[in-house]
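The values are calculated or read from the model by the stated rules, or taken from the named source; none is laboratory data. Here the structure is a predicted model, which is why all the values come from computation and not from measurement. Every residue, glycine as well, gets a Cβ built from its backbone with ideal geometry; the counts of neighbours run over all protein chains shown. With ligands, DNA and RNA removed, areas are computed over all heavy atoms of the protein, side chains included. Shrake-Rupley method; radii C 1.70, N 1.55, O 1.52, S 1.80 Å.
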Amino acid sequence: MWDLFRGSSGPPPDRARAIERYRVHADGYDASAARTMRLRRRTIAAVELAPGEAVLDVACGTGLSFALLVAAVGRKGRVTGVELSPEMAHLARDRIARAGWAVMLIEAAAEDAALGGPFDAVLFNFTHDVLQSPTALARIFAATKPGGRVAVSGSKLLPWWLAPANAVVRRMNAPYVTTFGGMRQPWRYLVEYVPDLRIRSALWGAAYIASGRYAPRGYVRT
């Protein structure tokens, strides 16, 4: 029970519950995400995209990152988004159509998606459930180039002695996650793929931003 309170353990992500929750929250998602747009921009900047590169936007939601990603990789680049929620994916498709972007949108769970690739960069923006799924991470990094750049941001719990603040963090995240497992260190599985992950606190300690490079076992960066 103590570990659960601290957010170090908990149930695995629940795909069906996530679909149901985002069915309710999809229409208001963009407005709710406005408070973290500055952090989203910092996360995108951290992958240091260049024209002609391929980038994967994991759990891309309504496509709020697409404009910045398309601008960064240019006409010769490739932007791919993967999204579980049909309602969120529908809004992302509308965004793509309105802008006339050549963005590939895959409506599937990250654990099952045929991602294509290889990707030069991978972006995780407030994707806690995906980060807590080793199966999802294995599939994502199977489609990522060795040495590929990775950036991630999201919510995290503060130290356990700040329990009142953590109650607020939990309440704000409850509509958007299906597990609080790993919320103290949401990157706990990611570091297996990105051993040089640099983690920095954000939003007064209630969030984080991190970046590094994908290094499969035996990989030596040249």
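Would you mind getting the accessible area per residue of the stretch 14-167, heavy atoms of the protein chains only, 1.4 Å probe, in Å²?
With all protein chains present, the stretch 14-167 gives 44 Å² per residue.
Specify which labelled value, from [x] 16.2, 58; [y] 16.5, 51; [z] 19.6, 70, agrees with Rg and Dmax of the Cα atoms in Å derived from the coordinates of the model shown.
Read-out from the structure maps to [y].
Run the helix sum for the chain: -39,500 (n - 2.57) per DSSP H stretch of 4+ residues, divided by residue count, reported at 222 nm to the nearest 500 deg cm²/dmol.
Per the formula, -9500 deg cm²/dmol.
Quick one: Karplus J couplings for the stretch 92-101, per residue in order, coefficients 6.51, -1.76, 1.60, θ = phi - 60°, nearest Hz, x for Gly and Pro?
For the stretch 92-101, the Karplus-derived couplings read 5, 4, 4, 5, 4, 5, 4, 8, x, 7 Hz, x marking Gly and Pro.
Please give the length that would be gained between ALA102 and LYS76 if that part of the chain were fully extended, namely 0.36 nm times their separation in residues minus their C-alpha to C-alpha distance (nm, one decimal).
8.4 nm
Using a 7 Å offset from the Cα along the Cα-to-Cβ direction at both SER201 and ASP94, what is the distance between the two label points in nm, to one decimal?
Placing both labels 7 Å beyond Cα along the Cβ direction yields 3.9 nm.
Assign unit charges at the C-beta atoms only (+1 for Lys and Arg, -1 for Asp and Glu), then state the dipole size of the chain relative to its Cα centre in Debye, rounded to the nearest 20.
640 debye
Could you compute the FRET efficiency for ALA45 and ARG188, with r as their C-beta to C-beta distance and R0 at 25 Å, rounded to 0.05?
E(calc), rounded to 0.05, equals 0.55.
So for the chain, taking the charge dipole from beta-carbon charges (+1 Lys/Arg, -1 Asp/Glu), which of ALA72, PRO175, PRO11 sits furthest toward the positive end?
Towards the positive end, the residue furthest out is ALA72.
What FRET efficiency comes out for the pair ALA142/ARG17, r = Cβ-Cβ distance, R0 = 41 Å, nearest 0.05?
Values: r = 26 Å, r/R0 = 0.63.
Given R0 = 41 Å and the Cβ-Cβ separation, E is 0.95.
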